[in-house]
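In what follows, a single structure is set out as structure tokens and then discussed.
Read the figures in this text as sums done on the coordinates, not as results from a lab. All of these numbers come straight from a predicted model, not from anything done at the bench. We place every Cβ from the backbone using ideal geometry, glycine too, and count neighbours over all the protein chains shown.
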């Protein structure tokens with residue numbers, strides 16, 4: 001295990017973790033590395049080249065905007081949303097770019113930010129990851145100062161070319177008390193140590209507080225400077241376990257804020273498809289039925305699940321602040337099931353019991369997400385939407401079982417069932433926008449998660465397929481899938497919108 005819960009769940013902006021959050025982080029990292037080499041102040045020109053899925057759907061996903069913001073020195077979790085348009089307009093009107101707010105250079109976006117739609121990978125003949133970005137900087141005489149390639153591998157994670165080529169060498173091994181690399185190991189560990197899956201993950205996250213990169217992530221999550229985060233906890237005064245729990249609850253609070261915005265904000269989503277926000281209308285209908293005192297539809301809780309998932313993804317599609325879970329394109333599933341747990345499944349429990357349930361939910365979901373991240377992929381450009389909404393559905397299903405105090409075997413079973421019925425799902429956004437079919441797909445994925453959790457808990461015992469087998473199957477299916485069905489908008493719904 002080499003991934004933290006706080007790397008799977010990150011606060012960022014929409015509409016895409018791989019096409020917005022990742023490229024912004026890559027641009028910022030490239031400049032920070034230049035600065036560390038004392039080269040930033042000698043830069044006269046920069047070029048940015050996008051390949052593969054980033055080139056084909058990058059404009060619909062806001063990749064160009066994200067890269068410019070990253071070059072300005074902005075980060076996805078702290079960029080002021082209300083100032084983004086102003087910052088971009090300044091660059092585009094003046095044709096000047098202030099690198100990290102320190103080094104101002106001439107910049108012609110039309111010639112220096114290039115979308116190579118006819119080239120899949122940065123280097124001809126080299127098969128790497130389809131989300132490739134090359135940054136190159138030059139001095140005043142036109143000489144190359146530095147260049148590097150980064151890959152946005154899903155969920156906002158990025159790797160340099162060197163890291164991608166030799167992942168084992170570049171990844172520093174993290175020491176945790178309960179390491180696991182498969183579902184079978186996780187179950188065996190739980191049985192041998194007499195621990196639940198949430199307890200295992202919690203102990204590992206406490207140990208990771210010694211990792212400076214994780215503590216920085218937690219600090220940014222609870223930072224009072226982050227917009228909308230009221231009264232952050234005083235982390236230094238808390239014992240380690242409570243620090244981890246406080247950070248998880250802050251992530252949940254951020255999700256709740258996103259849900260609230262999505263349920264209230266009306267209008268049309270940007271991008272040209274003229275997609276109307278539907279979550280506010282669904283919320284108004286539910287509230288009206290409650291006021292009229294009618295007997296509620298027995299399936300009304302599932303309507304709520306769909307409504308909340310769509311509310312979050314409508315916020316994401318509008319470029320709002322969301323939590324990757326594990327990606328932006330699938331950001332609605334985990335919040336929807338958390339909301340379902342608190343408002344329906346946990347009815348009658350005390351606030352303290354609900355708090356513990358939410359913690360178990362996130363910890364178990366993280367365990368499952370880690371297995372997908374480290375053994376397969378969470379990138380739609382690499383394995384299709386089964387790696388985004390499918391993984392989120394699997395995480396949420398296992399997490400819901402944990403929240404409801406189900407045992408480890410039921411958690412694993414629910415996660416397996418959920419992915420089994422998302423296998424082969426393509427990533428084919430119309431117009432390269434995270435709107436159709438992505439918004440509804442989150443609602444459907446959330447409903448599947450509830451069904452998978454209930455089936456696993458109501459039918460205990462052995463099952464034929466393991467989570468490990470389904471993770472491997474998902475990855476192999478993604479590798480077999482034609483690239484035009486993997487976030488390129490070259491096939492599927494993206495190609496046939498006129499016929500629809």
Problem set entry | Degrees between helix 351-375 axis and first principal axis of the chain (Cα, 0 to 90, nearest 10) | 50
Problem set entry | Spin-label model distance (nm) - residue 144 vs residue 123, 7 Å beyond Cα toward Cβ | 1.1
For this session: Please report 343, 210 as a ranked list, fewest other C-beta atoms within 10 angstrom at the top and most at the bottom.
Result: 210, 343
Exercise. Just how far, in whole angstrom, is the range 450-500 from the range 11-77 if you go by their alpha carbon centroids?
Worked result: 30
Seminar exercise, completed: Pseudo-spin-label distance residue 479 to residue 265, built 7 Å along Cα→Cβ, given in nm, is 4.0
For this session: Would you compute, from DSSP H runs of 4+ residues alone, the mean residue ellipticity of the chain at 222 nm, taking -39500 (n - 2.57) per run and dividing by the full residue count, rounded to the nearest 500?
Result: -15500 deg cm²/dmol
Seminar exercise, completed: In degrees rounded to 10, the 0-90 angle between helix 63-72 Cα long axis and the longest Cα principal axis of the chain is 70
Exercise. Tell me, in nm to one decimal, what length is gained between residue 212 and residue 32 on full extension, where the rule is 0.36 nm per residue of separation less the Cα-Cα distance?
Worked result: 63.1 nm
Exercise. For helix 197-207, what angle does its Cα long axis make with the longest principal axis of the chain, in degrees from 0 to 90 and rounded to 10?
Worked result: 40
Exercise. Fewest first, what order do 118, 459, 77 take by the number of other Cβ atoms within 10 Å?
Worked result: 118, 459, 77
Seminar exercise, completed: Proxy exposure order for 356, 487, 382 (fewest C-beta within 10 Å first) is 356, 382, 487
For this session: Go ahead and run the numbers for FRET between residue 162 and residue 256, Cβ-Cβ distance against an R0 of 56 Å, rounding to 0.05.
Result: 0.90
For this session: Please give, to one decimal in nm, the separation of the simple spin-label points placed at residue 455 and residue 219, each 7 Å out from Cα toward the Cβ.
Result: 4.6
